[in-house]
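The structure under discussion appears below in the form of C-alpha cells.
The values are calculated or read from the model by the stated rules, or taken from the named source; none is laboratory data. None of the values given here were measured: they were computed from a predicted structure. All Cβ positions, glycine included, derive from the backbone under ideal geometry; neighbour counts span all protein chains shown.
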Amino acid sequence: MSQFSLQHVVESQQFDRDLLELVFETTDMMKADLLGDRKLAKILDGRIMASLFYEPSTRTRFSFESAMKRLGGSVITTENAREFSSAAKGESLSDSTRIMNGYADVIVMRHNEAGSAARAAEISTIPIINAGDGAGQHPTQALLDIYTIADSFPEMKSLKIALVGDLRYGRTARSLSYLLTKYEDIELIFVAPSVCRMEGDIKKYLDKYQVPWREEDDLAEVIGEVDCIYMTRVQKERFHSAEDYQEAASKYILTPELVSLMKQESIIMHPLPRVDEIPAAIDSRPQARYFEQAQNGLYVRMALLYLLLQDR
Amino acid sequence: MSQFSLQHVVESQQFDRDLLELVFETTDMMKADLLGDRKLAKILDGRIMASLFYEPSTRTRFSFESAMKRLGGSVITTENAREFSSAAKGESLSDSTRIMNGYADVIVMRHNEAGSAARAAEISTIPIINAGDGAGQHPTQALLDIYTIADSFPEMKSLKIALVGDLRYGRTARSLSYLLTKYEDIELIFVAPSVCRMEGDIKKYLDKYQVPWREEDDLAEVIGEVDCIYMTRVQKERFHSAEDYQEAASKYILTPELVSLMKQESIIMHPLPRVDEIPAAIDSRPQARYFEQAQNGLYVRMALLYLLLQDR
Amino acid sequence: MSQFSLQHVVESQQFDRDLLELVFETTDMMKADLLGDRKLAKILDGRIMASLFYEPSTRTRFSFESAMKRLGGSVITTENAREFSSAAKGESLSDSTRIMNGYADVIVMRHNEAGSAARAAEISTIPIINAGDGAGQHPTQALLDIYTIADSFPEMKSLKIALVGDLRYGRTARSLSYLLTKYEDIELIFVAPSVCRMEGDIKKYLDKYQVPWREEDDLAEVIGEVDCIYMTRVQKERFHSAEDYQEAASKYILTPELVSLMKQESIIMHPLPRVDEIPAAIDSRPQARYFEQAQNGLYVRMALLYLLLQDR
C-alpha cells in the first residue's frame, strides 16, 4: 500500500487510476463498517484534525468533522481562520501552517485564495486536505462525485455526462472535469448560459487527454442521451440584468417533464445546496442520487483521513 | 419502556404525565451518576450530536454539549447555521435536515422561526431536539423548570405559582404554562406590566384544561401566598418610552423586603440570565433556586439524549 | 505534591520558584510522553474544558484545546462569549462563571478587561486559567517563554535578556518581566520606540526585586552582549504618524546582519505572529527558537491542565 500512500490532498490531478481505486475501495470499506459492525470506530483515536476555515462553509466542515469523529478522532475547529493568520495581523500562511503542525495531526483547509492548499502543503509536516480554495479546486468533492458515478456504473466506461448550470465559476464542475480525464470513453456535454460557460483551460485539458466534449444550449436536446446529468446552481450575481437571469435560470430547471425524457438507468447528481434547479418533486424519481451523493462525501472523507493518517 | 419511547423533543404539549415521569426518573439517575460513580460516562460513546444554531445561544448550546460529552458522545457544532442553509443560499430546511441526517445521530436545533423544529422533525430520520424556535417553544427549558419545582414539591399538587415579568414575549413562561396543565390543582398568577401580559392563546389553553389563573399588577399583593415565584427579565425594547420601562422594571424587582414576605418553604426561580430583577443579595436566601435550576438543565438534557439515543 | 497544588492560573506573580519547578518538570514529562509512548493520552478522559473567549484568539484557543485533547479530555468552546454574558444581556461575570461551573471541569478564559480572570477565580468552584485579560496578563505565555529560556540555559543564571519592540502595550513582555524576577542574576535590557517604552509599574517591580534593567535605543548596540533577544511586534496604530511608524518599525527589524553579531549560543524568541520584525531568512539560523517556543506552549498547557485537574 505504501506505493500509493497519500501525503496531502491538494488537487484532482494528483490522483491517478491506481490511487482512485485505492480511495474508492477504502470508501467502500468505510461505508460497510459504518452501516455494519463499526470495527473502525476507534481507528483514529488520539488523532487531532484541525478544521482551518478561512471562510465559513459549515456543510463541508461538518462532513469532515463527522468523518473524523466516526473514526474516533477529535477535532479543533475555526470558521474564523482569517483572524488566526495573515489577514488579521500580517502573518504568512507559511507561519500559520508551521504553528498548526504542532497542534494537530491533519489540517483541513478552506481558503479564499486559489493555490493556498498547495502552498501550505509545501511546508507542512502533517497532511493538508484542500476543502476548497477560492476559484481553484475542491478535490474531495470531485472524488465523491466520481465515487457516486462509479457506484451506478462500476465499469466507468462509455458514459455520456452532461454538466449543467454555472460551469465557469463553479469549482465542482471544474474539479470533476479534471478527474474524468482519468477514465476511458467518457464524453462530456456542457450545458450552460452564455455568461457562465466552461472556461478554455478545462477545454484544452480535455483535448490534451482526448476526452470528447461539446457545448449545448438546450437541456431538452441532450437529456435523452446522457447517462448522468450533473446539475449546478446558476447564481444571480453572474448576470448583467435580472431579466437575463430569469431567462437563464428557468432554462436550466430540471422539470418532471425533462426527467421523463431520461433513460431509466441514468442518474441525476447535484453538489447541493440546490435552490429551484431541481424541484422537490424529482426527489422520489429513481434517477435522483444527490442525497446519496452528499452522504458519499462522508464515506470518502473517512477514507481519505484513514489513508492519510494510518501509517503516521 | 418502549411504549414511552421518544422520537423527537419538539414542544411541551407532547409530554404526558407518564412521559414526564420517565424523563424525571431518568434525570434523577443522570444526576446521581454524575455526582456519583459515573457509570454512564461512556454510554453514548460513538454517537454524534449536531448543534445546529441558526442564532447564537452559547449558554443553551453549552448545556446540551456538556450533557452529550458527560455521556461520552461527541459533538459537531455551529452558531452560524443560517449560512448552512436557506438564508444564505436559498436551501430549504428540509434539504438541510436530510443532509444533517447523514452526519449525526441527533440534532439540537435553535431557530429564529416558530415551527421550524416541528418541520424538521417531520422529515428527519434522526431525533430533533428543539432548543428554542423564535417566539415558539423552548421545551427543554420547560422540562427543567418543572423538574426543579417537583424537586421541592414532589407531590406537584396544590401549588400556587406566580409568573412574573415579560409573559408575552418570553418563551419560557409560555412553555412552562403549557406543561403545568398536566398537573392537578395548580393555580397560576400572572404578574406582568401591561405591555407584556400573558397572551390569550395560553389563557384559553389553561381554561380548556381547567387550570385556574388570574392576573395581578402588584407583586407585593401575591408574594405571601405563592409556593413558587418564577421571575423573568423585562426587556427595555418592549416599552414605548424609557419612563414606562423604568416604572415597570422597578415594580418587578424582587427586593429583600419582598422575599421576607415569602413563605419559608416557597422557592424562587429564574431562567437566567438575570439583570436587576433579582438582586445578588437574594442568592443566599433559602428560597433561591435559580442556579440549581440552571444546573438541572444539564441533567434533564442528559436524560433526553439518553432516552432518544439508547435504543437506536 | 499537594503543597504546590494549583487552584487557578491567574497571573505570573502567583508562581514561586518551587511551583515553576513543578510546572517545568511536568512540562518535560508531557513533552516526553507526547513524543514517546503516549501513556498519558487518556489521563483526562471524561473531563471537560470550557473555552470561554470574550474576544477571538484562535491560536491561543487551539493551543489549549489541543493540549486538552492530547490528554484525552474534551472541550466546549465559544469565541462569542460576550453574547454569553454581560455585554449582551447585562449578566454579571459572577453569574456567568457560576453557570459554567456546572457545565465544565476547568475554564480557559480570554477577556477584554484586565482583572476578569481574577474576579472569576474568586467565585469559581472549578479552576480558571487566564488566557489573556485585556491589557493585564497572559501568564501561560510567560510560563512557556521562561520554559523556552530554561531549555537553552538550564541554570537560569547570569543571563542578559533584551526585550525588543512594543513593551508598553504588549502583554507578553510585561508578564515575562514579572516572572523573571523569580530568578537570580538576570539583567533586562529594554529596546523600544519612545511611544511604546516599558511602563513605570514594571520598572518599579524590577527595582523592588533588585533586577537590574536599562533602556537602550539601538538594537545594534546591545545585540552582541545578550543571551536572549525577545522580539515583539510594533503595531502601527500606536504611532502618531505613518512616518514615525516607518522609522520605528525599520529600526526594530532583526536583520541577518544583526543576527551575525549575536553570540553563538544566544537565542531569538518571539511570541508570534510576526510580521516583518524577523525576516524568514532568520528561521534557519541556529539561534532561532520561536517555532519551538510556540510548540512549548502546547506542552506547558498540557502540564497546567494536568496539574489543575489530576486530584479533582
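Being closer than 18 Å to A:Asp283 by Cβ, at the interface with another protein chain (Cβ under 7 Å from one of its Cβ atoms) and modelled with pLDDT of 90 or more is the filter here, so list the residues in segment B:85-108 that pass it.
Hits for segment B:85-108 are B:Asp95, B:Arg98, B:Ile99, B:Gly102.
Can A:Met29 be described as within 24 Å of B:Val75 (Cβ to Cβ) and modelled with pLDDT of 95 or more?
No; evaluated as a whole, the condition is false for this residue.
Does segment B:188-207 contain at least one residue that is at pLDDT 95 or above, farther than 13 Å from B:Arg174 by Cα and surrounded by fewer than 16 Cβ atoms within 10 Å (Cβ to Cβ)?
Looking for residues that are at pLDDT 95 or above, farther than 13 Å from B:Arg174 by Cα and surrounded by fewer than 16 Cβ atoms within 10 Å (Cβ to Cβ), one finds at least one in segment B:188-207, hence yes.
How many residues does segment C:240-258 hold that are within 14 Å of chain A (Cβ to nearest Cβ) and in contact (Cβ under 8 Å) with a residue 12 or more places away in the chain?
2
Of everything in segment A:259-282, what is within 9 Å of chain B (Cβ to nearest Cβ), among the charged types (D, E, K, R) and either surrounded by fewer than 20 Cβ atoms within 10 Å (Cβ to Cβ) or over 21 Å from the mean Cα position of the chain (by Cα) (or both)? Give them in sequence order.
Of everything in segment A:259-282, just one residue is within 9 Å of chain B (Cβ to nearest Cβ), among the charged types (D, E, K, R) and either surrounded by fewer than 20 Cβ atoms within 10 Å (Cβ to Cβ) or over 21 Å from the mean Cα position of the chain (by Cα) (or both), namely A:Asp276.
Search segment C:75-84 for residues being buried (at least 21 other Cβ atoms within 10 Å of the Cβ) and modelled with pLDDT of 70 or more, and hand back the single one that is farthest from C:Met302 (Cα to Cα).
Per the stated criteria, the residue is C:Ala81.
Can we say B:Asp311 is free of Cβ contacts under 8 Å to residues at least 40 places away in the same chain, surrounded by fewer than 15 Cβ atoms within 10 Å (Cβ to Cβ) and not small (Gly, Ala, Ser)?
The answer is no for B:Asp311.
Within segment B:250-259, does at least one residue satisfy the condition of being under 30 Å from B:Ala121 (Cβ atoms) and not small (Gly, Ala, Ser)?
no
Out of segment B:23-43, which residues are surrounded by 20 or more Cβ atoms within 10 Å (Cβ to Cβ) and within 12 Å of chain C (Cβ to nearest Cβ)?
Listed by number, the list is empty, since nothing qualifies.
Quick check: is even one residue across segment B:15-22 touching a residue at least 12 places away in the same chain (Cβ under 8 Å), in a helix (DSSP H, G or I) and surrounded by fewer than 15 Cβ atoms within 10 Å (Cβ to Cβ)?
Yes.
For residues that are under 16 Å from the mean Cα position of the chain (by Cα) and more than 16 Å from A:Ser51 (Cα to Cα), tally how many sit in segment A:123-138.
Matching residues across segment A:123-138 total 4.
List, please: which pairs have Cβ atoms under 7 Å, are six or more places apart or on different chains, and start with a residue in segment C:289-301 that is at the interface with another protein chain (Cβ under 9 Å from one of its Cβ atoms) and end with one that is part of a helix (DSSP H, G or I) and of a type in the set (Gly, Ala, Ser)?
Cβ pairs passing all conditions: C:Gly297/C:Ser63; C:Leu298/C:Ser63; C:Leu298/C:Ser66; C:Leu298/C:Ala67.
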